[in-house]
Amino acid sequence: ALLVSGVGGSAITSDMGARNIRDELAAMEVMGINPIHRLVTPRLWAASTVSLLLCSMVILAGVLGGYYFNVIQQGVSPGAFFDGATTLLQFSDLGITLFKAWIFGFIAAAVACYMGMNCDYGPVGVGRAVNRAVVVTSIVVFTANYVLTMIYQVLFPPRI
């Protein structure tokens, strides 16, 4: 989420801010084009999808890395590795992880678009909006992570 916020969110904020200070957003509204539908919605879908795919790649890399170090380096049998993994993990863990990644990407894009569309005029306003977007996204993502984790822990208590 912080990667999507820092890299993608700052790019989205600067793009939307540049469009705002050049009055492109106002021009779209004058032409009868809704900037939310034309500019914001695709960015929300894209950031959410990229965040989900990035999380999937991290999970896959973690499983492959754990397999390599446990089975190849330490000589644990593959069956014992996967038996230990399935004992500790539930399928719902994967589901909540991917859901949270999607939500975090959505939050990052929503905050970035909002900050960019409501920035002060001039390059300084765009720069401040980018900084503000990254900070606000970090705070909102940490709060959303806490809330989603607590809800998940209540619905699916961990096995002991």
>> Regarding region 42-57, can at least one residue be identified that is in contact with a Pro (Cβ under 8 Å, 6 or more places away or on another chain) and not aromatic (Phe, Trp, Tyr)?
In response: no
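Just for region 88-99: of the residues that are open to solvent by 80 Å² or more (accessible area, probe 1.4 Å) and modelled with pLDDT under 95, which one is nearest to the chain's Cα centre (by Cα)? So that I can check it myself, show each step before the final result.
Filtering region 88-99 down to residues open to solvent by 80 Å² or more (accessible area, probe 1.4 Å) leaves 88-89, 91, 99.
Still in the list and also modelled with pLDDT under 95: 88-89, 91.
Details: LEU88: 26, LEU89: 23, PHE91: 21 Å.
Per the stated criteria, the residue is PHE91.
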> Which number in (1) within 26 Å of THR149 (Cβ to Cβ); (2) touching a residue at least 60 places away in the same chain (Cβ under 8 Å); (3) out of contact with any Ser or Thr (no Cβ under 6 Å at 6 or more places or on another chain) marks the one condition that VAL111 misses?
Replying inline: (3)
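State the number of residues belonging to region 128-160 that are among the charged types (D, E, K, R) and under 15 Å from SER10 (Cα atoms). Quick ask: steps written out before the conclusion?
Step one: list which residues in region 128-160 are among the charged types (D, E, K, R), which gives 128, 132, 159.
When the remaining residues are screened for being under 15 Å from SER10 (Cα atoms), the result is 128, 132.
Residues that pass the stated criteria total 2.
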> Is there a residue in region 142-149 that is polar (S, T, N, Q), open to solvent by less than 50 Å² (accessible area, probe 1.4 Å) and closer than 11 Å to SER5 by Cβ?
Replying inline: no
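This table checks each residue for (1) open to solvent by 40 Å² or more (accessible area, probe 1.4 Å); (2) touching a Gly at 6+ places or on another chain (Cβ under 7 Å).
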position	(1), (2)
GLY79	yes, no
ALA101	no, no
ALA108	no, yes
CYS113	no, no
ASN118	yes, no
ALA129	no, yes
VAL134	yes, yes
> Can you name the condition, by its number, that GLY125 falls short on among (1) touching a residue at least 60 places away in the same chain (Cβ under 8 Å); (2) in a helix (DSSP H, G or I); (3) out of contact with any Cys (no Cβ under 7 Å at 6 or more places or on another chain)?
Replying inline: (3)
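I'd like the full set of residues that are β-branched (Val, Ile, Thr), over 30 Å from MET16 (Cβ atoms) and buried (at least 16 other Cβ atoms within 10 Å of the Cβ), limited to region 33-73.
As a first pass, look at region 33-73 and keep what is β-branched (Val, Ile, Thr): 33, 36, 40-41, 49-50, 58-59, 63, 71-72.
After this cut, where a residue has to be over 30 Å from MET16 (Cβ atoms) as well, the list is 59, 63, 71-72.
VAL71 - this is the single residue of region 33-73 that is β-branched (Val, Ile, Thr), over 30 Å from MET16 (Cβ atoms) and buried (at least 16 other Cβ atoms within 10 Å of the Cβ).
The values are calculated or read from the model by the stated rules, or taken from the named source; none is laboratory data. Since we're looking at a predicted model, the values are computed, not measured. Quick reminder, even Gly has a Cβ in these numbers, built from the backbone with ideal geometry, and neighbours come from all protein chains shown. The protein model used for the area step is the full one, side chains on, heavy atoms only, and it has no ligands, DNA or RNA in it. Shrake-Rupley method; radii C 1.70, N 1.55, O 1.52, S 1.80 Å.
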